[in-house]
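Trainee: Sharing a structure with you now.
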Amino acid sequence: MRSIVVGGLAALPLQWFLLAESPAGDLRLHQLAAVILTAFIVFRFGLPRLERGVRGAQLFILANVYMLILWVALNVFNGLAMTQPIKQTSFLLTFIAVTALFYFAVREADNALIDALRWTATVCVGVLIAAFGYSMLSNGVNPIDVLQRSIEAGDPNILQRELFRSSFVGFGFDAEEARGNLRHEVFGGLLFTMYVSSWAATRRPLTIARQRNIHRAAMVAGSLLLLISLSRSILVAAAIWPLASFLRAMLTGRVSARQQLAVAGGLIGVAILAITGFLEVLWTKFTEDTKSYSLREDLISLALQRISENFWTGGVDTERTSAHNFVLDMWQRGGIFVGLPAVFIFLFISFLWLRLLLRARTIPADQFVLVAAMALPCVRLVTQGGGSLQIVEWVTLAFVIGILAASRETSEAGSEPANPTEADQLAALLSPTQAVALKGLSGGQGLSDQRNAT
């Protein structure tokens, strides 16, 4: 089970490898990995237990089901293709499965699975480097040469066009179709695995020095890959992680050794970026390469105009003219009937992040990464080309919601399932009558507490 879970999550960034084409849409490698992972989780837990595992997300799931049903109906009415609703339905099923996976990992204290999840980012970094290496080799791309020319010119477009876009050609994209924008989801998948690994390593710390070093090296390598991606939305989401950690340290007045090491590593990293000249490329990307900003404004204006003209039933195909906004694009597609549930979903996700931010000072250390993780779907809600959440954002939400639901139930139960009292351990070996008598004798406390009291 553990290898399938880790492998399935680590394969989510591999989004440019086409496996099959069909009228319903293309099947890509990351989609196959998601299907296998979903099917395995359903088989592993069974449908009745899956229902229990998603209780913390029932309202969110119902809103999405309602939206998808109306979206399909209105696409039939408007004569539009079913590709996107079908894809979103598959993502919702994966969301349900992954939510249950993390719920039971915490609720049942599945330490073996959590231990394996510590290596998700390490596996993902290795897989991603190998995949890009194969793609670049196949297409004759020299990454060092491209990087050098991009730094010399201070031009981020050279890196985007000649490194990423050229790497995607020949694996389902031709030269006309290949888009550097695909890198947003590719590196969003990498960022997701870094969240998962960090959570698992905080909950179950690595105790062997060599393993800790490998884990840290993978996180550093992942951070470097994120920087090279030049994806503004992913970099903004990733930057919220250290920023939130800094604010938490300021509010609590406590700075851990790990945080001190991270700050030192960050300063060294910034110095290296400045010395190599890559910092200038990043600065240009965010401050001078603003063509997409003005284009985005035009697309939002166009979306608002289309919504006013097709307010009730939508019918607009947003494939080429997406507003990069979840609510606006869904409203264009399905009118008010799809737009209103989209507003609810948007608010649900936003308020979930707000609640976590307000609890950032007191939230347990192993759950703090959830505060950072929610930045990814929230940022992508207002930057996603096509306007729909993709598989990376869905599994990130599942990761957060599953853990929060299990932690809440555990807290309400008053004890961790992984640490039963001595009375509970002994009661499990006795008959029901003896167990009740033992509970009454111990007054609901552990035997050790009873001995201390006497």
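Trainee: How about segment 205-233: which of its residues are touching a helix residue (DSSP H, G or I) at 6+ places or on another chain (Cβ under 9 Å), surrounded by fewer than 18 Cβ atoms within 10 Å (Cβ to Cβ) and over 29 Å from Arg161 (Cβ atoms)?
Mentor: Listed by number, the residues that qualify are Pro205, Leu206, Arg212, Ile214, Arg216, Ala217.
Trainee: Would you check which residues across segment 57-111 are of a type in the set (Phe, Trp, Tyr) and either loosely packed, with under 15 Cβ neighbours inside 10 Å or outside any helix (DSSP H, G or I) (or both) and list them? Give the derivation first.
Mentor: Kept after step one, since they are of a type in the set (Phe, Trp, Tyr), are these residues of segment 57-111: 60, 66, 71, 77, 91, 95, 102-104.
Passing the criteria: only Phe77.
Each row is one residue, and each column tells you yes or no for (1) modelled with pLDDT of 95 or more; (2) within 17 Å of Ala63 (Cα to Cα); (3) in contact with a His (Cβ under 8 Å, 6 or more places away or on another chain); (4) of a type outside the set (S, T, N, Q).
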| position | (1), (2), (3), (4) |
| --- | --- |
| Gly334 | no, yes, no, yes |
| Arg359 | no, no, no, yes |
| Asp366 | no, no, no, yes |
| Ala372 | yes, no, no, yes |
| Thr383 | no, no, yes, no |
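Trainee: Considering only segment 350-366, state which residues are part of a helix (DSSP H, G or I) and touching a residue at least 60 places away in the same chain (Cβ under 8 Å). Even if it seems obvious, please write down each step before you answer.
Mentor: Going through segment 350-366, the residues part of a helix (DSSP H, G or I) turn out to be 350-358, 365-366.
Matches in segment 350-366: Leu357, Ala365, Asp366.
Trainee: Now, a different point. Given the criterion out of contact with any His (no Cβ under 6 Å at 6 or more places or on another chain), in a helix (DSSP H, G or I), surrounded by fewer than 12 Cβ atoms within 10 Å (Cβ to Cβ) and of a type in the set (D, E, K, R), identify the matching residue among Glu280, Glu297.
Mentor: Working: Glu280 fails: surrounded by fewer than 12 Cβ atoms within 10 Å (Cβ to Cβ).
Matching residue, one of Glu280, Glu297: Glu297.
Trainee: Being within 16 Å of the chain's Cα centre (by Cα) and closer than 28 Å to Leu282 by Cα is the filter here; which residues of segment 197-231 pass it? If you could, list the steps in order and put the result at the bottom.
Mentor: Taking segment 197-231 as the starting set, the residues that turn out to be within 16 Å of the chain's Cα centre (by Cα) are 197-200, 219, 222-223, 226, 231.
If the condition is that a residue be within 16 Å of the chain's Cα centre (by Cα) and closer than 28 Å to Leu282 by Cα, then Ser197, Ser198, Met219, Gly222, Ser223, Leu226, Ser231 are the ones that fit.
For (1) aliphatic (A, V, I, L, M); (2) in contact with a Gly (Cβ under 8 Å, 6 or more places away or on another chain), each residue gets a yes or a no:
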residue: Ile36; (1), (2): yes, yes
residue: Phe40; (1), (2): no, yes
residue: Phe43; (1), (2): no, no
residue: Gly46; (1), (2): no, no
residue: Gly53; (1), (2): no, yes
residue: Gly56; (1), (2): no, yes
residue: Leu62; (1), (2): yes, no
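Trainee: Go through the residues of segment 176-196 one by one and say whether even a single one is of a type in the set (Lys, Arg), in a loop (DSSP other than H, G, I, E, B) and free of Cβ contacts under 8 Å to residues at least 12 places away in the same chain.
Mentor: The initial filter retains those residues of segment 176-196 that are of a type in the set (Lys, Arg), namely 179, 183.
If we keep only those that are in a loop (DSSP other than H, G, I, E, B) as well, we get 179.
Keeping just the survivors that are free of Cβ contacts under 8 Å to residues at least 12 places away in the same chain gives none.
No: segment 176-196 contains no residue that is of a type in the set (Lys, Arg), in a loop (DSSP other than H, G, I, E, B) and free of Cβ contacts under 8 Å to residues at least 12 places away in the same chain.
Trainee: OK, next. Could you grab me the full set of residues in segment 30-80 that are at pLDDT below 95, more than 18 Å from the chain's Cα centre (by Cα) and of a type outside the set (A, V, I, L, M, F, W, C)?
Mentor: Matches in segment 30-80: Arg44, Gly46, Pro48, Arg49, Glu51, Arg52, Gly53, Arg55, Gln58, Asn75, Asn78, Gly79.
Trainee: Additional query: State all residues of segment 317-326 that are crowded, with 23+ Cβ neighbours inside 10 Å and farther than 14 Å from Glu297 by Cα; if no residue qualifies, say none. It would help to see each step written out before you state the result.
Mentor: Filtering segment 317-326 down to residues crowded, with 23+ Cβ neighbours inside 10 Å leaves 318, 323, 326.
Within segment 317-326, Thr318, Phe326 qualify.
Trainee: Kindly provide the set of residues from segment 240-257 that are part of a helix (DSSP H, G or I), out of contact with any Leu (no Cβ under 8 Å at 6 or more places or on another chain) and surrounded by 14 or more Cβ atoms within 10 Å (Cβ to Cβ), ordered by number. Full working, then the answer.
Mentor: Taking segment 240-257 and keeping what is part of a helix (DSSP H, G or I), we get 240-252, 257.
Filter once more, so that each one left must be out of contact with any Leu (no Cβ under 8 Å at 6 or more places or on another chain): 240-243, 245-252, 257.
Those that are part of a helix (DSSP H, G or I), out of contact with any Leu (no Cβ under 8 Å at 6 or more places or on another chain) and surrounded by 14 or more Cβ atoms within 10 Å (Cβ to Cβ): Ile240, Trp241, Pro242, Ser245, Phe246, Leu247, Arg248, Ala249.
Trainee: So, Val98, is that one of a type outside the set (Phe, Trp, Tyr), touching a Phe, Trp or Tyr at 6+ places or on another chain (Cβ under 8 Å) and on the phi < 0 side of the Ramachandran plot or not? Spell out how you get there, then give the answer.
Mentor: Numbers: of a type outside the set (Phe, Trp, Tyr): yes; touching a Phe, Trp or Tyr at 6+ places or on another chain (Cβ under 8 Å): yes; on the phi < 0 side of the Ramachandran plot: yes.
Yes, satisfied.
Trainee: In segment 41-56, what count of residues is obtained for those that are touching a residue at least 24 places away in the same chain (Cβ under 8 Å) and not in a helix (DSSP H, G or I)?
Mentor: Residues that pass the stated criteria total 1.
The values are calculated or read from the model by the stated rules, or taken from the named source; none is laboratory data. Note that the structure is a prediction, hence the values are computed from the model and not measured. Note that we place each Cβ from the backbone using ideal geometry, even for glycine, and neighbour counts take in every protein chain shown.
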